[in-house]
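A.B. asks: Handing you a structure now.
The values are calculated or read from the model by the stated rules, or taken from the named source; none is laboratory data. Keep in mind the model is a prediction, meaning the values are calculated, not measured. Using ideal geometry, Cβ is built from the backbone for each residue, glycine included, and neighbour counts are taken over all protein chains shown. The area values use the complete protein model at the heavy-atom level, side chains included, leaving out ligands, DNA and RNA. Shrake-Rupley method; radii C 1.70, N 1.55, O 1.52, S 1.80 Å.
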Amino acid sequence: MTGKVMPDDIYHGGDLDRARARWGEPDGGWLDLSTGINPEPYPVDGAEGADFASLPQPVACEKLMAAAAAYYGVPDPALVVPAPGTQAVIQWLPRLCPPGPVAINGPTYGGYTEPWRAAGHGVTMALDLAHATENAATVILANPNNPDGRRVQPAELGRVAKTLAARGGRLIVDEAFADTEPALSAASLTGTDGLVILRSFGKFFGLAGLRLGFALAPADLAMALRGALGPWAVSGPALAIGTKALADRSWIAATRARLGEGRANLDDMLVGAGLKIIGGTDLFRLVEDEAAPDLFQHLGHAGIFARHFTERPHWLRFGLPPTAGVPRLEAALKAWRQGVFR
């Protein structure tokens, strides 16, 4: 049989309400592998609780900007704009740019398109970066890309940004998954005309619910974006936790190593189940299989939520499972390999 996938593309992953509507609530709760979020988050000990009681202070924001600049390699903290998640920046940027043609280097995250269209920009999809830059005023890409892990080297991104800036355009690079590959980041080029970089805090640090992200941008756009977001854009707890985490070099190094090991273990499980890995990062893996809709259904019945793609039904993306969830995924994949479908 062919399992029916959900009717709408879940471009952001993590939509467990939709999973529950389809399969109910499993006895052991859901094992959510539909996102690329670190399953073992940065430890929060509760010491930041006092930050809930008062308005965020400018000095705390400046400390976060300095910590982010040091961590990402940005030459000037003033070019760092903290935001309540990078999605907020994605929503605001189209309103701060003159309407014009926008090219999105896809296939990629589906949340870029609608904000640009809603702000009056014409949006097209381009399968390669060279084609994207031909006529667009704004080019958007993720690096590494979600979901296939496609990568572009920083020097090439700098060249593209200069080409676009020469005609009044800009390159927006979403580095949401670059924390595990810091050499891939173009953050050191921040301040270059026409280059805007988005950085997610929640994915690598495993605290997506904290809603913290950053835009790294030239001074004029950084000022405009900061004004658009308004005062107190980032909560007090997010300021405190973000500042502490971004400066915790030992945890960051250990986490990069652990995620690399977890990715290798996940690869072994997926290949052992007869699946073909076609891309990804240390936070997620993308597989291709003609029976992917059936596997998606099988996993759902087992209380495991993977990430399917309506327009590419042969693809499935798997986030890293937490340590406690590994036996459950192994059992489900073993049953799949043995032809025991649910």
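A.B. asks: Using the Karplus curve 6.51 cos²θ - 1.76 cosθ + 1.60 with θ = phi - 60°, work out ³J(HN,Hα) for each residue of region 52-57 in order, rounded to whole Hz, and write x for Gly and Pro.
C.D. replies: Each residue of region 52-57 in turn: 6, 8, 9, 5, x, 9 Hz.
A.B. asks: If each residue of separation counts as 0.36 nm, what is the full-extension length gain between R249 and E114 once their alpha-carbon separation is subtracted?
C.D. replies: Extra length from R249 to E114 when fully extended: 44.9 nm.
A.B. asks: May I have the pair-distance distribution P(r) for region 197-342, computed from all Cα-Cα distances with 5 Å bins from 0 and rounded to whole percent?
C.D. replies: Per 5 Å bin, starting at zero, the Cα-Cα P(r) for region 197-342 comes out as 2, 8, 15, 17, 15, 11, 11, 10, 7, 4, 1, 0 percent.
A.B. asks: In deg cm²/dmol, rounded to 500, what helix-only [θ] at 222 nm does the chain give when every DSSP H run of at least 4 residues adds -39500 (n - 2.57) and the total is split over its residues?
C.D. replies: -11000 deg cm²/dmol, from helical runs alone.
A.B. asks: Right, next: Can you pull out the trypsin sites (Lys or Arg not before Pro) in region 126-201 that DSSP calls coil and that have at most 16 other Cβ atoms within 10 Å?
C.D. replies: Sites meeting the loop and neighbour criteria: R151, R167.
A.B. asks: What full-extension length gain, to one decimal in nm, is calculated for E330 and S188 as 0.36 nm per residue of separation minus the Cα-Cα distance?
C.D. replies: Gain on stretching E330 to S188: 47.1 nm.
A.B. asks: Give me the dipole magnitude in Debye, nearest 20, for region 121-205 about the Cα centre, with unit charges on the beta carbon: positive for Lys and Arg, negative for Asp and Glu. Kindly include the intermediate steps, with their values, before the conclusion.
C.D. replies: Numbers: 8 positive and 9 negative charges, 34 e Å.
About 160 debye.
A.B. asks: Projecting each Cα onto the charge dipole of the chain (Lys/Arg +1, Asp/Glu -1 at the beta carbon, about the Cα centre), which of L195, A69, A165 comes out farthest on the positive side?
C.D. replies: A165
A.B. asks: What is the local net charge at A130, summed over the other residues whose Cβ is closer than 12 Å to its Cβ (Lys, Arg +1; Asp, Glu -1)?
C.D. replies: -2
A.B. asks: Please report Rg (one decimal) and Dmax (integer) in Å for the Cα set of the chain.
C.D. replies: According to the Cα coordinates of the chain, Rg and Dmax are 20.3, 60 Å.
A.B. asks: Can you tell me which aspartates and glutamates have their Cα less than 17 Å from the Cα of K334? Leave out same-chain residues fewer than eight positions away.
C.D. replies: D267, D268, D289, D294
A.B. asks: On a 32 Å Cα-Cα criterion, which of the cross-link pairs K244/K276; K203/K276; K162/K244 come out too long? Show your work: numbers first, answer last.
C.D. replies: Working: K244/K276 39 Å; K203/K276 25 Å; K162/K244 34 Å.
Correct reply: K244/K276; K162/K244.
A.B. asks: A follow-up question, please. Accessible surface of H121 in the full protein assembly, 1.4 angstrom probe, to the nearest 10 Å²?
C.D. replies: 10 Å²
A.B. asks: Using R₀ = 56 Å, calculate the FRET efficiency as 1/(1 + (r/R₀)^6) where r is the Cβ-Cβ separation of H301 and T124; round to 0.05. Numbers along the way, then the final one.
C.D. replies: On the way: r = 39 Å, r/R0 = 0.69.
After rounding, the FRET efficiency stands at 0.90.
A.B. asks: Turning to a different aspect of this structure: Give me the one-decimal nm value for the distance between modelled label points at T323 and K276, 7 Å along each residue's Cα-to-Cβ direction.
C.D. replies: The two pseudo-label positions are separated by 3.6 nm.
A.B. asks: Here's another thing I want to ask about it. If a/c stays under 1.5 just call it rounded; otherwise compare a/b with b/c (prolate if a/b is bigger, oblate if not). Do that for region 25-118, with a ≥ b ≥ c from the square roots of the Cα gyration tensor eigenvalues.
C.D. replies: oblate
A.B. asks: Nearest 5 is fine: what % of DSSP beta bridges in the chain come out antiparallel, could you say?
C.D. replies: 50 percent
A.B. asks: Right, another one. Quote to one decimal, in nm, the extra length available between D45 and E290 on full extension: 0.36 nm per residue of separation minus the C-alpha distance between them.
C.D. replies: Full extension of this stretch gives 83.7 nm more.
A.B. asks: Quick one: angle between helix 292-301 and the longest Cα principal axis of the chain, in degrees between 0 and 90, rounded to 10, please.
C.D. replies: Once rounded, one gets 80 degrees.
A.B. asks: Continuing with this model, one more query. Please give the helix 249-272 orientation as an angle from the longest Cα principal axis of the chain, in degrees from 0 to 90, rounded to the nearest 10.
C.D. replies: The angle comes out near 40 degrees.
A.B. asks: Explain nothing, just the number: relative contact order of region 225-342, from Cα pairs under 8 Å at least 6 residues apart, as a whole percent. Kindly include the intermediate steps, with their values, before the conclusion.
C.D. replies: Working: 106 pairs, mean separation 24.3, N = 118.
It comes to 21 percent, rounded to a whole number.
A.B. asks: Between V59 and F341, what is the label-to-label distance in nm when each label sits 7 Å out along the Cα-to-Cβ direction?
C.D. replies: 6.4 nm
A.B. asks: Sticking with this one: So if we plug the beta-carbon distance of T163 and D220 into 1/(1 + (r/R0)^6) with R0 = 22 Å, what FRET efficiency do we get, rounded to 0.05?
C.D. replies: FRET efficiency, T163 to D220: 0.70.
A.B. asks: Longest segment of the chain with no GluC sites (Glu not before Pro) in a DSSP loop having at most 16 other Cβ atoms within 10 Å?
C.D. replies: On the way: sites that count: E134, E290, E311.
Answer from the scan: 135-289.
A.B. asks: Also: Rounded, prolate or oblate: pick one for region 76-173, where a ≥ b ≥ c are the square roots of the eigenvalues of its C-alpha gyration tensor, a/c under 1.5 means rounded, and failing that, prolate if a/b is larger than b/c, else oblate.
C.D. replies: rounded
A.B. asks: Tell me, which longest segment in the chain has none of the chymotrypsin sites (Phe, Trp or Tyr not before Pro) that fall in DSSP loops with at most 14 further Cβ atoms within 10 Å? Don't jump to the answer; show the numbers that get you there.
C.D. replies: Values: sites that count: W232, F341.
Formally, the longest exposed-site-free interval is 1-231.
A.B. asks: Give me the percent relative contact order of the chain, please, defined on Cα pairs under 8 angstrom at least 6 residues apart.
C.D. replies: Answer for the chain is 26 percent.
A.B. asks: Can I ask one more? Any idea what angle helix 86-96 forms with the longest principal axis of the chain, computed on alpha-carbon atoms, 0 to 90 degrees, nearest 10?
C.D. replies: Compared with the principal axis, the helix lies near 50 degrees.
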